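To start, the structure under review is shown below, and the notes come after it.
The values are calculated or read from the model by the stated rules, or taken from the named source; none is laboratory data. These figures come from a predicted structure and were not determined experimentally. We place every Cβ from the backbone using ideal geometry, glycine too, and count neighbours over all the protein chains shown.
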Amino acid sequence: MPYQSTLAAYSFKNQTIVVTGGGSGIGRCTAHEIAALGGHVILIGRRESKLINTANEIKQDGGKASFYSLDIRDEAAVTATIETLLKQHSRVHGLVNAAGGQYRASLADISKSGFEKVVQTNLIGGFLMSKTLFNAHFSHHGGAIVNITADNKNGMPGMGHSGAARAGVENLTQTAAWEWGPFGVRINAVAPGWVASSGLDTYPKAMQQAIRSLPHAVPLGRIASEAEISSVICFLLSKGANFITGQTLFVDGGASMGSAPALYPLSHKGNPNSETYNGFHRSITPDVLR
């Protein structure tokens, strides 16, 4: 069964779109959807093995994909890579900044080095990719950028370093939308809530029960599939979003509306009227949710 996108077939025909963090999680799913819609996906990430795996999956499904392995926090590496890919692709139409990562820790326990590394990955890396592509290409041809942030409206207790970086991404998105709009560049952000992605399995076992209880903190009574995030990313890349820029769209089942878990615990055991959409034919359920 092929990828089941909600967008029209061939929405990205003859388009080339760069996806950072394309080797796993939301980035991998988004890369698959773009390719299924006719686009050529350029995967970027640090672990070459993951990029190779995703590229091979896409090719097996009849799509087009290539990849570059680099650390997006390294400005020289970003510059060199973009120079190389622009020699091979005369036109790049979009960029998805999906690379990111964090670890669970209270603010009092986060070292300066640990805080800086998370900010560099979640904020500075996306800035370098966006700025470099803008200067080298988008400023002449236009383009669409989608940044992936997180549901940080009420802070991110236990992940303060990531929350600070993600808030920076949201503000950076607004600034870039204003400054780059006259060049035909649209830039938006997607803020996912909890997602049934491989990232859930990276958290310690002590968090597993809390992860299984997450649906009780979401008005819709469940967590999202990767495809439910990818579908929004792809819409923002598409022509249908040609007049949308500078916005952050929260895709979290309503969890960001307030401090619901603390002030008004939800008692429902799942919501039969809220069904998961998962068009990603290669989706893998995280072990912690099995």
| query | Among the residues of the stretch 155-166, is there at least one that is part of a strand (DSSP E or B) and either under 27 Å from residue 91 (Cβ atoms) or modelled with pLDDT under 95 (or both)? | reply | yes
| said: Show the residue pairs meeting these rules: Cβ distance below 7 Å; 6+ apart or different chains; first residue within the stretch 166-190 and hydroxyl-bearing (Ser, Thr, Tyr); second residue not in a helix (DSSP H, G or I). | reply: 173/147; 173/187; 173/188; 173/189; 173/246; 173/248
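Could you please let me know if residue 244 is of a type in the set (A, V, I, L, M), at pLDDT 90 or above and assigned to a loop (DSSP other than H, G, I, E, B)? First the steps, then the outcome.
Numbers: of a type in the set (A, V, I, L, M): yes; at pLDDT 90 or above: yes; assigned to a loop (DSSP other than H, G, I, E, B): yes.
The answer is yes for residue 244.
Mind checking whether some residue in the stretch 62-70 is part of a helix (DSSP H, G or I), at pLDDT 95 or above, basic (Lys, Arg) and touching a strand residue (DSSP E or B) at 6+ places or on another chain (Cβ under 9 Å)? Outline the logic, then answer.
In the first step, residues of the stretch 62-70 are kept if they are part of a helix (DSSP H, G or I); the result is none.
Checked against the condition, which is being part of a helix (DSSP H, G or I), at pLDDT 95 or above, basic (Lys, Arg) and touching a strand residue (DSSP E or B) at 6+ places or on another chain (Cβ under 9 Å), the stretch 62-70 yields no hits at all.
Does residue 142 fit the bill of being surrounded by fewer than 18 Cβ atoms within 10 Å (Cβ to Cβ), touching a residue at least 40 places away in the same chain (Cβ under 8 Å), in contact with a helix residue (DSSP H, G or I) (Cβ under 8 Å, 6 or more places away or on another chain) and closer than 19 Å to residue 96 by Cα?
Values: surrounded by fewer than 18 Cβ atoms within 10 Å (Cβ to Cβ): yes; touching a residue at least 40 places away in the same chain (Cβ under 8 Å): yes; in contact with a helix residue (DSSP H, G or I) (Cβ under 8 Å, 6 or more places away or on another chain): yes; closer than 19 Å to residue 96 by Cα: yes.
The answer is yes for residue 142.
For the stretch 175-194, give me the residue count where each residue is of a type outside the set (Phe, Trp, Tyr), farther than 30 Å from residue 225 by Cβ and part of a helix (DSSP H, G or I).
Our first condition is that a residue be of a type outside the set (Phe, Trp, Tyr); within the stretch 175-194, this holds for 175-177, 179, 181-182, 184-193.
Filter once more, keeping what is farther than 30 Å from residue 225 by Cβ: 175, 179, 181-182, 184.
Retained after the next criterion (residues that are part of a helix (DSSP H, G or I)): 175, 179, 181-182.
The qualifying residues number 4.
Quick check: is even one residue across the stretch 136-147 among the β-branched types (Val, Ile, Thr), farther than 30 Å from residue 12 by Cβ and either within 15 Å of the chain's Cα centre (by Cα) or not in a helix (DSSP H, G or I) (or both)?
Taking the stretch 136-147 and keeping what is among the β-branched types (Val, Ile, Thr), we get 145-146.
Filter once more, keeping what is farther than 30 Å from residue 12 by Cβ: none.
Looking through the stretch 136-147, none of the residues is among the β-branched types (Val, Ile, Thr), farther than 30 Å from residue 12 by Cβ and either within 15 Å of the chain's Cα centre (by Cα) or not in a helix (DSSP H, G or I) (or both).
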| task | Identify all residues within the stretch 195-213 that are crowded, with 20+ Cβ neighbours inside 10 Å and assigned to a loop (DSSP other than H, G, I, E, B); write none if there are none. | result | 196, 197
| message | Criterion first (among the aromatic types (Phe, Trp, Tyr), more than 29 Å from residue 240 (Cβ to Cβ) and part of a helix (DSSP H, G or I)) does residue 127 satisfy it? | response | no
| remark: Among residues of the stretch 71-102 being in contact (Cβ under 8 Å) with a residue 40 or more places away in the chain and β-branched (Val, Ile, Thr), the residue nearest to residue 230 (Cα to Cα) is 96
| Does residue 44 meet the test of being touching a strand residue (DSSP E or B) at 6+ places or on another chain (Cβ under 7 Å), of a type in the set (Val, Ile, Thr) and outside any helix (DSSP H, G or I)? | yes
| query | Using beta carbons and a limit of 9 Å, which pairs, at least six apart or on different chains, have the first residue in the stretch 28-40 and more than 16 Å from residue 6 (Cβ to Cβ) and the second one hydroxyl-bearing (Ser, Thr, Tyr) and at pLDDT 95 or above? | reply | 28/54; 31/54; 31/230; 40/16; 40/66
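Determine which member of the set 99, 8, 36, 31 is more than 29 Å from residue 167 (Cα to Cα) and buried (at least 24 other Cβ atoms within 10 Å of the Cβ). Give the derivation first.
Working: 99 fails: more than 29 Å from residue 167 (Cα to Cα); 8 fails: buried (at least 24 other Cβ atoms within 10 Å of the Cβ); 31 fails: more than 29 Å from residue 167 (Cα to Cα).
Just one listed residue meets the conditions, 36.
Just to be sure before I move on: is residue 151 surrounded by fewer than 21 Cβ atoms within 10 Å (Cβ to Cβ) and in contact with a helix residue (DSSP H, G or I) (Cβ under 6 Å, 6 or more places away or on another chain) in the structure I sent?
On the way: surrounded by fewer than 21 Cβ atoms within 10 Å (Cβ to Cβ): yes; in contact with a helix residue (DSSP H, G or I) (Cβ under 6 Å, 6 or more places away or on another chain): yes.
Yes.
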| request: Take the residues in the stretch 98-121 that are at pLDDT 85 or above and not in a helix (DSSP H, G or I), then tell me which one is nearest to residue 19 (Cα to Cα). | output: 98
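Filter the stretch 50-88 down to the residues that are under 16 Å from residue 31 (Cα atoms) and of a type in the set (S, T, N, Q), then identify the one that is surrounded by the most Cβ atoms within 10 Å (Cβ to Cβ).
From the stretch 50-88, those under 16 Å from residue 31 (Cα atoms) are 50-69; that's our starting set.
Now drop any that are not of a type in the set (S, T, N, Q), which leaves 53-54, 56, 60, 66, 69.
Numbers: 53: 16, 54: 25, 56: 11, 60: 9, 66: 16, 69: 17.
It comes out as 54.
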| field | Pick from the stretch 103-133, criterion crowded, with 23+ Cβ neighbours inside 10 Å and in contact (Cβ under 8 Å) with a residue 60 or more places away in the chain, ranking: farthest from residue 70 (Cα to Cα) | value | 126
